[in-house]
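Since the structure comes first, as structure tokens, the remarks are kept for the end.
The values are calculated or read from the model by the stated rules, or taken from the named source; none is laboratory data. In this text the structure is predicted, and so the values were computed from the model without any measurement. Note: ideal-geometry Cβ built from the backbone for every residue, glycine included; neighbour counts use all protein chains shown.
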Amino acid sequence: MKKLQKSDDGMQYNHMEKRVKLYVVLSYFVFWFMVLGLCGTASMVFHGPPIVMRILSNVCAWAPTIVLLIGFKYFCPGRSIAEFYRKAFGGKISIVTLVASAILTLGATIITVFVLSLIQGKAFGEYWNLGSYPFWASFLFSITTGPTGEESGWRGYLRPYLNAKYSFFSASVIQGVIWAFWHTILWFVDSDYMGIQMIPYVLSNVIVMTGLCFIMNLFMEKNDNLIYGIVIHFCFNFLYCFLQVDIWFYVVLSAIYMVIIALICWKKNVMSKE
């Protein structure tokens, strides 16, 4: 009976692994197809104005959730969508830790700009601009893109699987790499950087998104609620609505996030010894 039980568990695990891998592949495919097909057609054929392109880019960001919900019966057999979201948002929320996660994420970007201003000898305020849209519109665009569009898939579905299979460090790195390279198409069609500058830009994307996964895992470990992922993602995205920076911003930002990753790993190591 024990051998039979182990065999059944092994088969269930293999099925789950296949489902997760297929989910990642489809999320990549659907997102890239939407960016090239939807946004590409709107831009090149219909010459859509900036506001239309921004709305369409927000729609594309929902690809991970679209894939999850359309294929939900396959990806989450035996569960309902309502049950999935009850569990995803079922963990306790601590206002203190939620604010701390927001401050850490916002602080990393602000510190990066401050360090950059010292290096380049410019005033801190020169790196900021109110942008093309009113403040409320920037807020709305920021919250309705990745934070609400991606988190159901990456943190609600993928994160629990990786955390159950791997260590905290490995799960965070794998999740960060998957998340970062999902954006590959944007590095080439929605970036101001070309040639040699693409190297630090791409490395920064991988390092920073991995760092964000470390932050999310740290705060969601005891407070397993998707709201943490949404808030952290939003705090990271929101400031970009007002930033005017060059490639050196990403170089410094990478260094800041490498420090954050190191501090989180140190904290985890200390806690494991207590």
- Message: As an exercise: evaluate Gly229 against (1) farther than 17 Å from Ser167 by Cα; (2) more than 15 Å from the chain's Cα centre (by Cα) and give the number of the one condition it does not meet.
- Response: (2)
- Of all residues in the stretch 40-54, which are surrounded by 13 or more Cβ atoms within 10 Å (Cβ to Cβ) and without any contact (Cβ under 8 Å) to a residue 24 or more places away in the chain? Ala42, Ser43, Gly48, Val52, Met53
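Every residue, every condition in (1) farther than 22 Å from Tyr28 by Cα; (2) modelled with pLDDT of 95 or more; (3) out of contact with any strand residue (DSSP E or B) (no Cβ under 7 Å at 6 or more places or on another chain), yes or no:
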residue	(1), (2), (3)
Gly71	no, yes, yes
Ser80	yes, yes, yes
Ser101	yes, yes, yes
Leu118	yes, yes, yes
Phe124	yes, yes, yes
Leu130	yes, no, yes
Pro147	no, yes, yes
Gly153	no, yes, yes
Phe168	yes, yes, yes
- In the stretch 70-99, anything surrounded by 15 or more Cβ atoms within 10 Å (Cβ to Cβ), assigned to a helix (DSSP H, G or I) and hydrophobic (A, V, I, L, M, F, W, C) is listed as Phe72, Phe75, Phe84, Ala88, Leu98
- Criterion (modelled with pLDDT under 95, more than 20 Å from Phe141 (Cα to Cα) and assigned to a helix (DSSP H, G or I)) met by exactly one of Ile215, Ile178, Ile196: Ile196
- Go through the residues of the stretch 12-22 one by one and say whether even a single one is surrounded by fewer than 12 Cβ atoms within 10 Å (Cβ to Cβ), within 19 Å of the chain's Cα centre (by Cα) and modelled with pLDDT of 95 or more. yes
- Qualifying positions in the stretch 55-102 - in contact (Cβ under 8 Å) with a residue 40 or more places away in the chain, of a type in the set (Val, Ile, Thr) and under 21 Å from Leu212 (Cα atoms): Thr65, Ile93, Thr97
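When only residues in the stretch 111-148 that are of a type in the set (Val, Ile, Thr) and in a loop (DSSP other than H, G, I, E, B) count, which is farthest from Asn237 (Cα to Cα)?
My answer is Thr144.
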